[in-house]
Amino acid sequence: MAIEVPFRKLRYYWPVYLLIALPLLLVLVFCYQPIFNGMWHMFYRWDGDTIEEFIGVRNIVKMFQDTTLWWSFGVVSIFVVANIIKMILPIVVAVVLHHVISDKWGYFYRILFVIPMIIPSMVGILLWKYFYEPNSGILNALLRVMGFISPTDTIQWLSNPTLVIPSLVFMGFPWVGAFGVLIYLAGLQGISEDIYEAAEIDGSNAWTTFLKIELPLITTEVRINLVLMIIGTIQGWENIYLFLGLDGGPGGIATVPGLVIFREAFSRGLFGYGCAVGFVIFAVTLVLTLINNRFVRVKK
Amino acid sequence: MKDSLWILAVTLAGTSLALGAGTGPNRKDASHAALEAYAEMDYAQAEKLAVKIPDTPNGKLVGGLCDLYDRSHQNIERGQKTLSHLFNDEKTPLEIRLEAGLALGRTVQLMKQRHDLYGKSADLYNHDEILGKVRKLAPGSRADRDAFFYLIRERLEDPKRSDAAFKELEEYFRNFKGEKKLLPPLQLLAEYEYIRLRRDYKSAVRHLAEGYETGFANPSQTRSALFRLAFLYDRKLHNKPMAVKYYKEYLERYPYSGEAVVAKRFLNDLGKGKAAK
Amino acid sequence: MKKKGTDDIHQGGKFQKLGIILAVVFYIVSVIMVIRNYGGVSTVFDPGEKMLTIAHWQLEDGFREGIDEAISEYEKTKAKQGVKVKVRQVAIPVRGYPQWFLTQLIGGDPADVIELMGSPDILNQYFSPLSPYISQKNPWNKGTPIQNMSWRETFTDDMLGGLDPAYSEYFGVSTFMHTTRVYVNLDLYEKATGTKQLPDTVTEWLDSCKKMREYGVKTNRPVIPIGVRGFDKGTLGQLFNTYNSQLNTDLADVGTPYSYGTSVGDMYHQVNTGKLDVKRLLEPVKVVTTLGQYFAEGFPAIDLEQTKYLFFSGNVGFFIDGTWNAFSMINNAPFKVGVMQIPMLSNRNPFGLKSYGRITELGSGIGGMFGIPKKTKNFDLALDFLQFLTSWKVNQMVMVKHCKWMSPLKGVKYEGVMKTFEPVSNTSHTAVFSPFFSGALGTRLTLQRLENSIIERPKKTMEYFWNDYLSVRPKLIDEVEESSRGIQRNLWSIDGSRSALAVGSAISRPNSRAGALYRLRSNINLEGIIGRFRAIDANTEMIEEMKKLKEYGENGN
């Protein structure tokens, strides 16, 4: 428990502050300094190296006129909503795992969920890319075998403008990531047995128990995951880049804000504009996080 | 007491060593090293060395030039101030004055072209005056040629001064007393501007041919100029004998180039008497 | 009650020992790997031995092996000359190369010989100019047919490809040459078309693609007539440029006011004044979109590796790619692979267009620029190694023997399948570039529009493409304006070079070689500025004319 220490006695605790100082310095240098540097450079035409020309708010004005950027925010909103829906399954799985009677089997199932975590995410993305490959990919091959399409037909999952976004949303099916499951499981395991006994005595069935007891008591974990998911989705762009390239698919249909930054900064050398877009992403993420904190309350 | 004496002895020894190390190479060496580092465009090293000799003309020159051309562009005004003092001080050795004046004049000219970026800083000096003075200090020299190059382009592009500028250009070539090898870049500029502003192919080709005969420094420029000569004589001046001469010369010198097939075709067309479009 | 403490501590102690042992083992392994990567024990413990590093992004089959053999040869030869040197090869994947390259240069400890990538400003700042050396003979060419030529003259393009137009300086020399060809699955081709004769014209090509598709339907196989690398739009660009040149090369004969060739501003000026029908510029769109109907379904999302996989699986008839993949294409296919040129548009084409036939490939396709950073500790040795790599015997050994690539040097004879890679030279027209490729963004947006045309299959292809292109005109103009600002900044840096060279010339001894080189480079510097003036003026004209362009049909087209 934290105790208040009078200022004059701080000198007796100097080793603690010294130990904190070093990581704090590293955080300032490697986390905060780039943020402030980026905010500074958003007012510049900057090539990422030494060419810096102060241009005032021109980058911000350009952002408001950039239809691609606004489109990308629309796309990322779709992904955020889809990811919120995708959060349901890990909760269900965690609840089911929590109720497994045998400790041995429960442990075994948990291991099964954890093992895929060791596969690098890049490998997963490339597998899904192969999955969606129109000519020899697994999905089209499956549809051919099941007779939904003829042997010479293909469905262009990543080239057909109407199918690109649904394909990206579907990626990761069945959307039961180990990280989410383990976090919810940890929350569920913190619920006292007495509460379950009281609920059983009161005649509560499984669904009522889940809705009225388990879900409210893991709201902290849900909120953590929601915040992390929102931040990750808004900032994420690597999947899109690997799947669809720098252009974000046919006609740029799946462009996300992160890809816009990468394109403008690293492909066109407009780092100043990239910083401006980055700042907007930061602001949007902050607003959504505040909304999340306000409305997703933790009931003690 | 004994401890204090030891401390004093060690401190004195250390100070002597530091002073000895601090003198380092003599000022003449530092001066040359600074210039050498600058010639290699190692601005960081050049500045470091220039700081050791701040009151010498070389030190001021290198310091001023580094401030101007350092990629961060943070100390342009300071650099220009230093160079302006050097340039206007008649006691400064001539070579240093010339380079100071050229660098100052040219960068001011470039700043005026980006007024949106440099604002009032671009108006602190008059580049016309500075470059003009450079020319007067060393007529026929490389510095004179460079200064004239920058000035004449600006004057040619100004509709009010263009006619006079073309006359000035021709006069410069006629009266130039310096090394002939200095002229080819100006001749290339003349070729370009005669075509761009007047579509005067006769004058353009005359200058291009002179530059080619004198010899361009860049071998790629030589190759391009030779093909251009042939093409301009052929397609713009309709001068068959000169076109044939230059096409043949091109094929002899550059048989593997992409334009070689075109030169052959044009030569054939000329041989068959096909009128150029 | 059981005392837990002792067992726990004992257990904890075992794990701590295991942890320490693992840490020590990993540390030792790391030290060994660092020493090994640095060049071996001999380099660490023998400071007399010099270490050179060559870095590149060529991961294609044969390249690294070729460089290894060249390195081995070099080390042996230098040892005989009494110079102890060890050369280390570092290969970085192309996706990460630009960032790695820049980090190395900024970090101050780059490889001694490094494959170039980046803007002229980067090259000027970090790389040693090679113009002082290119006029001298390459000493490693002694006893070869090109021994009497200067290093520059030994290249088929006279090192024009290595000339940076911004600084008029040579920052690198090329090490290989490529052309674009079509790899053919001969088994599939013969079964589908009933003939071994490969198509030479677009008409024949379209006909064989149609037959392949029909064959696929007949045999229930997903046959793809033309495989392309759609992900980076490489093939699309190649096809467009090829047919644009064949259709519009005569525009270069008319030339610009200054010279032979074309310029974007000049072409658009002719369109705006009615002297040139915009249809002519759009004709290649028609050709490529027709061919595009035979591309793989979903081709924009298919990258090179996937296309190669499809080709090796036997379902692709024609695969268009550069000769850089020849080795793997020919050796790794489980069927016989033929190589042909991209079929030309003859005058009897189905589009009714006038074509000038095949275009010369001389002087183009030269690549693999390697340069020497200023911060290298062994400049002379690095230069010597670079000359060694670009010498007649060694370059052929690396490129022709190992990679099955072409050498950029003169006097090289090719045999067998490599003869089909040789640049086309028996024609009388040169390539012209399309005005749509006004810059990097312009190229990307144009190819995106072309892709859209192929996917959407509109009735009026040219009109669709043109109007779609004009819809992104503000971005194109933006890019050209940015380019002009970049050139302005260049002029400042170029003046910095001028100043440095002037100082170098002033401090050199009279009549010294160093002084002469400074003066030579000074003149090169000034000659190059005219090119920058031209570029700025051309950009201004381009912007003015782009703004005046009208939608299809508005000015009588």
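Key figures
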{"item": "Calculated FRET efficiency for the pair C:V90/C:D250, C-beta based, R₀ 51 Å, to 0.05", "result": "0.60"}
{"item": "Neighbour-count order for A:D194, A:D47, fewest beta carbons within 10 angstrom listed first", "result": "A:D194, A:D47"}
{"item": "Per-residue Cβ neighbour rank within 10 angstrom, fewest leading, C:W205, A:W175, C:W405, A:W40", "result": "A:W40, A:W175, C:W205, C:W405"}
{"item": "Sites C:K210 and C:L186 - FRET efficiency at Förster radius 25 Å, r taken between beta-carbons, to 0.05", "result": "0.85"}
{"item": "Under-5 Å amide H pairs with C:M406, H placed in peptide plane, nonlocal only", "result": "C:M177"}
{"item": "Cα centre as origin, Lys/Arg/Asp/Glu Cβ charges: the protein assembly as shown dipole, Debye", "result": "1340"}
{"item": "Farthest positive-ward along chain C dipole, Cα basis, beta-carbon charges - from C:L160, C:F370, C:S434", "result": "C:F370"}
{"item": "C:V417 versus B:R253: modelled label distance in nm, points set 7 Å from Cα along the beta carbon direction", "result": "4.1"}
{"item": "Between segment B:135-165 and segment C:424-491, the alpha-carbon center distance in angstrom", "result": "38"}
{"item": "Shape call, segment C:472-548: gyration tensor on alpha carbons, a/c limit 1.5", "result": "prolate"}
{"item": "Antiparallel DSSP beta bridges within chain C, percent to nearest 5", "result": "60"}
{"item": "Column: log10 I(q)/I(0), Debye, Cα scatterers of the protein assembly as shown, q = 0.05 Å⁻¹", "result": "-0.43"}
{"item": "Charge tally in the Cβ shell below 10 Å around C:L450, where Lys, Arg are +1 and Asp, Glu are -1, C:L450 excluded", "result": "0"}
{"item": "C:E361, A:E133, B:E171, C:E481 arranged by Cβ crowding within 10 Å, fewest neighbours leading", "result": "B:E171, C:E481, C:E361, A:E133"}
{"item": "Using alpha-carbon coordinates, inclination of helix B:2-23 to the longest axis of chain B, degrees", "result": "20"}
{"item": "Extension gain (nm, one decimal) between C:I330 and C:A23, 0.36 nm per residue minus Cα-Cα", "result": "105.8 nm"}
{"item": "Positive-end residue, the protein assembly as shown charge dipole about Cα centroid, Cβ charges, pick of B:N268, C:T443, B:M111", "result": "B:N268"}
{"item": "Positive-end residue, chain A charge dipole about Cα centroid, Cβ charges, pick of A:I85, A:S267, A:Y13", "result": "A:Y13"}
{"item": "Around C:K308: net Lys/Arg minus Asp/Glu count, Cβ-Cβ under 15 Å", "result": "-4"}
{"item": "Three-way shape label, segment C:131-191, alpha-carbon gyration tensor, a/c 1.5", "result": "oblate"}
{"item": "Peptide A:244-251, shielding by other chains (average Cβ, 10 Å cutoff)", "result": "5"}
{"item": "Entries of C:K286/C:K550; C:K275/C:K547; C:K211/C:K459; B:K167/C:K548; B:K133/B:K236 with Cα pairs more than 29 Å apart", "result": "B:K167/C:K548; B:K133/B:K236"}
{"item": "Charge tally in the Cβ shell below 14 Å around C:R95, where Lys, Arg are +1 and Asp, Glu are -1, C:R95 excluded", "result": "-4"}
{"item": "Share antiparallel - DSSP beta bridges, the protein assembly as shown, percent rounded to 5", "result": "60"}
{"item": "Separation of the A:L26 and C:K377 label points, Cα + 7 Å toward Cβ, nm", "result": "2.9"}
{"item": "Net length gained if the chain between A:E238 and A:V57 were fully extended (0.36 nm per residue, minus Cα distance)", "result": "62.3 nm"}
{"item": "Inter-probe distance in nm under a simple model that places probes 7 Å from Cα toward Cβ, at B:D29 and C:K401", "result": "4.9"}
{"item": "With Cα atoms, 0 to 90° folded angle of helix B:94-113 axis to chain B main axis", "result": "70"}
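Any read-out appearing in this document is the output of simple, stated calculations on the displayed coordinates, not a laboratory observation. The shown structure was predicted, so the numbers you read here are calculated from the model rather than taken from an experiment. In this analysis, Cβ positions are derived from the backbone assuming ideal geometry, glycine residues included, and neighbour counts consider all displayed protein chains.
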